[in-house]
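Q: Sharing a structure below in structure tokens format, with a few things to ask.
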Amino acid sequence: MNAKRQLSILGIILLLYALLVFSSTLITPVDQLAPPGTLPETAAEIPQWQIALASAGMVLVLYGLLGAAGIWFTRKLELPGIYREKAGWRVWFHQPLYLGLGLGVICVLIDRVIALAVSVEGLPHPDFPLSLLASGSAGIGEEIMFRGFVFGLWALILNWLLRRLNAKRTALWIANIIAALAFSAAHLPSAMLLLGVSSPADLPSWIIVEGLLINSLVGLVAGERYIRDGLVAAIGVHFWTDIVWHVIWPLLNSIV
């Protein structure tokens, strides 16, 4: 693994993430930045650009540390890290694109089946163009967090616990499941925000079930790509899934 090159690519990804966070925060009303009742009253008095700039700065620091930890974990586990070197664009771009588009369609189908079963409209989505910015920022930030850090940490622990059994593959997949479930649970605040509720208990049960199904599926596939091809591939799967699920599908649905 070329450590310097991997860190350089991580730095570029982090800068893009900070730019996306800055842009999305800048166009989002202050009262929609967090679930109701969680923001201090003084937040409305702060200029929007200052909130956006502070958010971008925080993600650079926090996700920079998480990303660096993720690289360290992959070195210990002998995994690709940020990207699988010498793999080529087929692995870095084309495969994640095809997988993401397919997963996006599956997400739409799951949503339609559940919506018909419980007679609802389906899961809510951010408005465009915020949905586009959110797809980019979530694809980067959540993959650094849940694949790079959560997966990496658990994989390292489990690999150490199972070292006498020579069960590295088993350790990686258990860690992948743990990271996928954590990834799924982390989407509850987003659902609360979109529905304007302040507690997970106020969310309809079908939303929790659908969110668990969709996000766990995406997390598992992104995790498999992370194990095989690295962070860039996992980000690609996540991003293209969100483009279909959060951008293309709501736009088509609004037209129809």
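The values are calculated or read from the model by the stated rules, or taken from the named source; none is laboratory data. Predicted model only: the values in this text are computed from it and were never measured. Neighbour counts run over all protein chains shown; Cβ positions are idealised from the backbone, glycine included.
Q: Checking the structure you have, find out if any residue of the range 233-242 is under 26 Å from G67 (Cα atoms), surrounded by fewer than 17 Cβ atoms within 10 Å (Cβ to Cβ) and modelled with pLDDT of 95 or more.
A: no
Q: So which of L123, L133 ends up being surrounded by 20 or more Cβ atoms within 10 Å (Cβ to Cβ), in a loop (DSSP other than H, G, I, E, B) and either over 14 Å from the mean Cα position of the chain (by Cα) or not hydroxyl-bearing (S, T, Y) (or both)? Break it down stepwise before answering.
A: Details: L133 fails: in a loop (DSSP other than H, G, I, E, B).
Exactly one residue qualifies, and that residue is L123.
Q: Hey, another quick one. For the range 57-89, give me each residue that is among the small types (G, A, S) and either surrounded by 21 or more Cβ atoms within 10 Å (Cβ to Cβ) or touching a residue at least 60 places away in the same chain (Cβ under 8 Å) (or both).
A: Of the residues in the range 57-89, the ones among the small types (G, A, S) are 57, 64, 67-70, 81, 87-88.
Once the filter is applied, which keeps residues that are among the small types (G, A, S) and either surrounded by 21 or more Cβ atoms within 10 Å (Cβ to Cβ) or touching a residue at least 60 places away in the same chain (Cβ under 8 Å) (or both), the range 57-89 yields G67, A68, A69, G70, G81, A87.
Q: Need the failing condition index for K86 against (1) in contact with a helix residue (DSSP H, G or I) (Cβ under 8 Å, 6 or more places away or on another chain); (2) not small (G, A, S); (3) not in a helix (DSSP H, G or I), just the number.
A: Against the list (1) in contact with a helix residue (DSSP H, G or I) (Cβ under 8 Å, 6 or more places away or on another chain); (2) not small (G, A, S); (3) not in a helix (DSSP H, G or I), K86 comes up short only on (1).
Q: Residue under question is S198, and the condition is that it be out of contact with any strand residue (DSSP E or B) (no Cβ under 8 Å at 6 or more places or on another chain) and modelled with pLDDT under 90; does it hold?
A: Values: out of contact with any strand residue (DSSP E or B) (no Cβ under 8 Å at 6 or more places or on another chain): yes; modelled with pLDDT under 90: yes.
For S198, the condition - out of contact with any strand residue (DSSP E or B) (no Cβ under 8 Å at 6 or more places or on another chain) and modelled with pLDDT under 90 - is met.
Q: Sticking with this one: If you check L194 against the conditions, is it farther than 22 Å from V244 by Cα and either in a helix (DSSP H, G or I) or touching a Pro at 6+ places or on another chain (Cβ under 7 Å) (or both)? So that I can check it myself, show each step before the final result.
A: Working: farther than 22 Å from V244 by Cα: no; either in a helix (DSSP H, G or I) or touching a Pro at 6+ places or on another chain (Cβ under 7 Å) (or both): yes.
So L194 does not fit the description; no.
Q: Hey, among the residues in the range 203-232 that are farther than 24 Å from L10 by Cβ and in contact with an Asp or Glu (Cβ under 8 Å, 6 or more places away or on another chain), which one's modelled with the highest pLDDT?
A: Checked the range 203-232; the qualifying residue modelled with the highest pLDDT is I214.
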